[in-house]
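As structure tokens, the structure follows; a few thoughts come after it.
The values are calculated or read from the model by the stated rules, or taken from the named source; none is laboratory data. Predicted, not measured: the structure shown is a model, and the values here were computed from it. As a convention, Cβ positions derive from the backbone with ideal geometry for all residues, glycine included, and neighbour counts pool all protein chains shown.
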Ligand code: C5P
């Protein structure tokens, strides 16, 4: 691996969207020296709980716990404390939980990190799910368009002390134009080519995503579903540099 590939690989997050922990372990073992983080989502965590995060630690990988907390501030505070005890590097919650909920998450993350002698995790807010469009916002009584609501929620997250957001490729420009340069953007919906989009509505290539302003990209199926996941990962990392 070249120095360049190591640096870009750090910014690649592999979504372990699998229901079999042995397969997930094999992937972490194969990919840990190439990529930055492994994303544990609802499927793996609901099935295996902390055994899923422990498995990644045992293999020497780092964790993005993608459980998108959304509850009253005290409940989210307690959940974030529990997540920090699992020594995750990154975790997230819904910005629609409100500014007070996000601020509670931020202070819980710092307090719990000090208690466990670890660095505070990177905290990300989910703004508007990419499965929702303007009519869905209207139906829920939220003012459209989606892009403006995303920017509003990202602004609120930053005010609450959150480190960044999960955002689709089309949302990156508005977030970059309204928030400080160090506000992180983590972007799914990345493919090597437009024809390989699975159910992602709009995709960018790894190079496009980074040039548009993403700090990290999240890739699932193109890696976990590939016949040769190491080769697929290397291709994606090479494409980040293009
Ligand atoms: O397989 P694929 O590369 O599409 O996986 C993308 C990952 O990012 C999945 O875990 C998916 O849940 C997540 N994600 C997404 N779009 C969002 C937020 C999260 O695809 N807006």
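Things to note:
- Of the residues contained in segment 208-218, one or more are found to be buried (at least 18 other Cβ atoms within 10 Å of the Cβ), at pLDDT 95 or above and within 25 Å of residue 20 (Cβ to Cβ).
- Any hit, segment 105-118, residues being crowded, with 18+ Cβ neighbours inside 10 Å, within 16 Å of the ligand (Cβ to nearest atom) and in contact (Cβ under 8 Å) with a residue 12 or more places away in the chain: no
- Leading residue by the ranking (nearest to residue 184 (Cα to Cα)) among those in segment 44-66 that are crowded, with 21+ Cβ neighbours inside 10 Å and in contact with a strand residue (DSSP E or B) (Cβ under 8 Å, 6 or more places away or on another chain): 64
- Criterion: crowded, with 18+ Cβ neighbours inside 10 Å, more than 16 Å from the ligand (Cβ to nearest atom), in contact (Cβ under 8 Å) with a residue 12 or more places away in the chain and within 17 Å of the chain's Cα centre (by Cα) - qualifying residue of 41, 9: 9
- Enumerated helices (runs of 4 or more DSSP H) restricted to segment 126-194, each holding at least 2 residues that are in contact (Cβ under 8 Å) with a residue 24 or more places away in the chain: 146-159, 172-178
- Condition check for residue 65 on (1) closer than 20 Å to residue 17 by Cβ; (2) not in a strand (DSSP E or B): one failure, at (2).
- Listed by position, the helices (runs of 4 or more DSSP H) enclosed by segment 196-241 that each have at least 3 residues that are more than 9 Å from the ligand (Cβ to nearest atom) and touching a residue at least 60 places away in the same chain (Cβ under 8 Å) are 229-240.
Rundown of residues vs (1) more than 15 Å from the ligand (Cβ to nearest atom); (2) part of a loop (DSSP other than H, G, I, E, B); (3) out of contact with any helix residue (DSSP H, G or I) (no Cβ under 7 Å at 6 or more places or on another chain), yes/no style:
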| residue | (1), (2), (3) |
| --- | --- |
| 22 | yes, no, yes |
| 55 | yes, no, no |
| 83 | yes, no, yes |
| 93 | no, no, no |
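- Set 34, 69: member being buried (at least 18 other Cβ atoms within 10 Å of the Cβ) and farther than 24 Å from residue 228 by Cβ: 69
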